[in-house]
Amino acid sequence: MVSKSSNYGYPIVLTSEIATASDTYGSSIVGFASAIPENYFRKRIAHWFFNVSSDSEGRVKRAPYGLAKVEASLLNYGFNRDDVIIASPYKLHKVIGPRTRIVGVYTMDALGLSYGSGILYWILKLADLPYRGMPYIAKSFLEVIEHPAIRMHKDHIKLVVGGPAAWQLVDTGAWQKLGIDIVYEGNFENYGPVLFEKILKGEDIKGRIVNSRPSTIEEVPTIVTPSIGGLVEVTRGCGRGCEFCTPTLNGMISSFPFEGHIDKEIIINIEKGGHKSITLHSEEFFRYGAKAIDPNPDKVKDLVVKAYKLIKRYGDDYRLHTDFTTAAVVVQAPDLVKFVGEYMNEGNEWSFIEMGIETGSPRLLNMLMSGKAKPFTPRQYPDIVEQAVGILNDNRWVVVGTMILNLPGEKDEDVAASLELLDRLRKYRILTFPLPFIPMGALRRRDFTVLDKMIDDPLRREFILKALIKSMEEAIRSVELIVGGMENIIAKFIVRRISLFAFNTVLSKYKAKLGQLGEYSEEFIRKLASAAWDLSKRSVSISINNDS
């Protein structure tokens, strides 16, 4: 392998869009501000807010977890530290040079077409606040791929882009217009290093690379660079089969071993990354160690106890968290949830956990995501969601519950069913975020026609407003939890003040808008929701026995 030498650059430079590269002073939650449009972020302010810690050479202190896995895969394949660097997007001029052959860019929202950017559009438009330009996260992606150091050396560099937002570049055709040589989709571990080796050997590879085979647990190495948010992956995949969900592509849930994998990444994040909070990342944490849909409580408990004992070696103020669950597994195993909560929310502390509710309509659930409710039936799902949120609240988790509008085949009856569920959740500690499902055709036109259409529809507008009102009320109550992880006192103070002002401002506007709209009567909503249930009954019958 060719080694890096002074002023000549690294053969392989890995980086990401600025907003994704930043740990926003230690709080991943605050990082969601990256979906705010560029008219709210002057360049100097944005670069202060989305700071990236790195050494004088440009090597980052912490990296997005997916990018850290790319680096680990390359090192595990045989490349060495002189071949590969994860660099700050602010210091690309220091690491790109005549010897650079690959610049790999990891993206979470390359063109601002993600769910998060969609909801920020709704938040601002419904509050009559200006929305100009593109989400800052997308702006920061362009800032990286158009960097002067890349342009200067473009004749000998392959620009490779991958990550959760790679589909945006493919579906819009933007990758070719932006001068991207390769778009990599899928797990990196089992083919990415081979591809990079081919490029370094001089093979002229261009186009879209789709790696559809999920990586096995054995193929996934442990990270070398600490991860943003102290993230440690404990499972991959889900197995519930929702048609619109990326983790579905990874197949049935697979779990990483604690010894030699999870423990190593915890130690790296604490000792090298300086983290005092570790997040055990999973698409469905309470199914760690499971072989099918049913949880394996003993495996989960063993993981939690071992991880807890490990972090407590470093001090009593070190904390353990997780990030995702489904409603069904919580209701299936309430005692397990209570056990885990005693470790993760000790001392009467609270934390956030995300739950993809998606819809309150049994009909849509049956059509698009019947596995979401297993081992329960789609008709039971609204009750399951309410029970799950209550159980999580009882164990000091604030739920971040996402609900999708404009799902394929959606009818007014389905929206009414979601509205009815939303009303049932009003008494709980939950942020109910309405997310837009945007058809690919709209993405190709790169506009917000579908988002505007949903706001203009009275029934959907009522749903969005009610969901956002509940979210803002809970955000105000949970503001200390939102900024709690920030390591910079000044940044924490500023963000707290701005957040409270913003939450209160839009909340008052939403309440006024809802009053102007005139809510549908509860009786009307119930009748519409009942129609959705009746449609579900007439569709293919699903029972617990058939699901098992």
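The values are calculated or read from the model by the stated rules, or taken from the named source; none is laboratory data. Everything quoted here is computed from the prediction, not taken from an experiment. Virtual Cβ from ideal backbone geometry, glycine too; neighbours counted across all protein chains shown. What goes into the accessible areas is simple: the full protein's heavy atoms, side chains included, and nothing from ligands, DNA or RNA. Shrake-Rupley method; radii C 1.70, N 1.55, O 1.52, S 1.80 Å.
Any number yet on Rg/Rh for the range 131-200, C-alpha, Kirkwood?
On the way: Rg = 13.4 Å, Rh = 13.5 Å.
Value, to two decimals: 0.99.
So with the 1.4 Å probe, I'd like the accessible area per residue for the range 169-270, rounded to whole Å². Each step should come with its number before you reach the end.
Details: 4180 Å² over 102 residues.
Ligands and nucleic acids excluded, the result is 41 Å² per residue.
Taking the mean number of other Cβ atoms within 10 Å as a proxy for protection, how do you rank 335-346, 62-73, 129-140, 196-207 from highest to lowest? Let's see the in-between values first.
Working: 335-346: 17.9, 62-73: 24.8, 129-140: 20.2, 196-207: 13.1.
Taking the mean over residues of other Cβ atoms within 10 Å, the ranking is 62-73, 129-140, 335-346, 196-207.
FRET efficiency for K154 and F32, Cβ-Cβ distance as r, R0 = 35 Å, nearest 0.05?
Efficiency, from the Cβ-Cβ distance: 0.60.
Using just the Cα positions, wrap the chain in a convex hull and report its mean projected area in square nanometres, one decimal place.
Values: hull surface 94.8 nm².
With every direction weighted equally, the projected area is 23.7 nm².
At a threshold of 8 angstrom on Cα-Cα distance, excluding pairs fewer than six apart, so keeping six or more, what relative contact order does the range 85-222 reach in percent?
In percent, rounded to a whole number, it is 27.
Go from 0 up to the bin containing the longest alpha carbon distance in the range 73-119, width 10 Å each, and give me the % of pairs per bin.
Each 10 Å bin holds this share of Cα pairs: 20, 39, 26, 14, 1.
Let me check against my output: what whole-number percent is the relative contact order of the chain, with C-alpha pairs under 8 Å and at least 6 apart? Could you put the intermediate results ahead of the total?
On the way: 1031 pairs, mean separation 73.2, N = 548.
Computed value for the chain: 13 percent relative contact order.
Using alpha-carbon positions, what is the distance between the centroids of the range 86-126 and the range 130-168, in Å?
Between the Cα centre of the range 86-126 and that of the range 130-168, the gap is 6 Å.
For the cross-link pairs K94/K264; K158/K198; K427/K466; K139/K453, which exceed 21 Å when the distance is taken from alpha carbon to alpha carbon?
Violating the 21 Å limit, Cα to Cα: K94/K264; K139/K453.
Per the Kirkwood definition applied to all pairs of different Cα atoms, how many angstroms is the hydrodynamic radius of the range 39-93? Write down the numbers at each step before the final one.
Values: mean 1/r = 0.0788 Å⁻¹.
Roughly 12.7 Å, rounded to one decimal.
Evaluate the charge dipole of the range 335-435 about its Cα centre and quote only its size in Debye, nearest 20, assuming +1 on the Cβ of each Lys and Arg and -1 on the Cβ of each Asp and Glu. Numbers along the way, then the final one.
Values: 11 positive and 15 negative charges, 25 e Å.
So the magnitude is around 120 debye.
Counting pairs of alpha carbon atoms under 8 Å apart in space and at least six apart in sequence, what relative contact order in percent does the range 314-452 give? Walk me through the numbers on the way to the answer.
Values: 190 pairs, mean separation 37.0, N = 139.
So the answer I get is 27 percent.
Shape of the range 378-491 from its Cα gyration tensor (a ≥ b ≥ c, root eigenvalues): rounded if a/c is under 1.5, otherwise prolate when a/b > b/c, or oblate?
Working: a/c = 2.26, a/b = 1.29, b/c = 1.75.
In terms of gyration-tensor shape, oblate.
Excluding residues fewer than 8 places away in the same chain, name every one of the aspartates and glutamates whose C-alpha is closer than 12 Å to that of K372.
E243, E284, E358, D547
Can you give me the pair-distance distribution of the range 260-344, C-alpha pairs, 10 Å bins, whole percents?
17, 52, 26, 6
What list of whole percents do you get for P(r) of the range 365-439, with Cα-Cα distances grouped in 5 Å bins up to the one holding the largest distance?
Using 5 Å bins, I get a P(r) of 3, 14, 24, 27, 21, 9, 3, 0 for the range 365-439.
Roughly how many Å² of K427 are accessible to a 1.4 Å probe, to the nearest 10?
The accessible area of K427 comes to roughly 150 Å².
May I ask you to work out the translational diffusion coefficient for the range 237-383 at 25 °C, viscosity 0.890 mPa s, via Stokes-Einstein with Rh from the Kirkwood sum over Cα pairs, reported in whole µm²/s?
Values: Rh = 16.3 Å.
In µm²/s, the coefficient rounds to 151.
Per residue, how much accessible area does the range 83-142 have with a 1.4 Å probe, in Å²?
On the way: 1750 Å² over 60 residues.
So the range 83-142 comes to 29 Å² accessible per residue, rounded to a whole number.
Ordering V220, V210 by accessible area with a probe of 1.4 Å, largest first, what comes out? Don't skip to the end; give the middle numbers.
Working: V220 10, V210 90 Å².
From most exposed to least exposed: V210, V220.
Calculate one ³J(HN,Hα) per residue across the range 311-317 by plugging θ = phi - 60° into the Karplus curve 6.51 cos²θ - 1.76 cosθ + 1.60, and present them in order as whole Hz with x for glycine and proline.
In residue order, the calculated couplings are 5, 6, 4, 8, x, 5, 8 Hz.
Can you give the extra length, in nm with one decimal, that the chain gains between L142 and Y8 once fully stretched, where that is 0.36 nm per residue apart less the Cα-Cα distance?
On the way: separation 134, 0.36 × 134 = 48.24 nm, distance 2.44 nm.
Contour length minus the Cα-Cα distance gives 45.8 nm.
Of the listed peptides 320-326, 83-89, 394-400, 496-502, what is their order by residue-averaged count of other C-beta atoms within 10 Å, with the highest listed first?
Numbers: 320-326: 22.7, 83-89: 25.3, 394-400: 20.7, 496-502: 14.1.
In decreasing order of mean packing, 320-326, 83-89, 394-400, 496-502 become 83-89, 320-326, 394-400, 496-502.
Using a 1.4 Å probe on the protein heavy atoms, what percent of the accessible area of the range 1-98 belongs to carbon and sulfur? Intermediate values should be presented prior to the final figure.
On the way: 2060 of 3890 Å².
Looking at the range 1-98 in its full context, I get 53 percent from C and S.
Once ligands and nucleic acids are excluded and a 1.4 Å probe is used, how much of L169 is accessible, expressed in Å² to the nearest 10?
Surface accessible to solvent at L169 totals approximately 0 Å².
How large is Rg over Rh for the range 359-407, taking Rg from the Cα atoms and Rh as the Kirkwood inverse mean of 1/r across Cα pairs?
On the way: Rg = 11.6 Å, Rh = 11.5 Å.
Rounded to two decimals, Rg/Rh equals 1.00.
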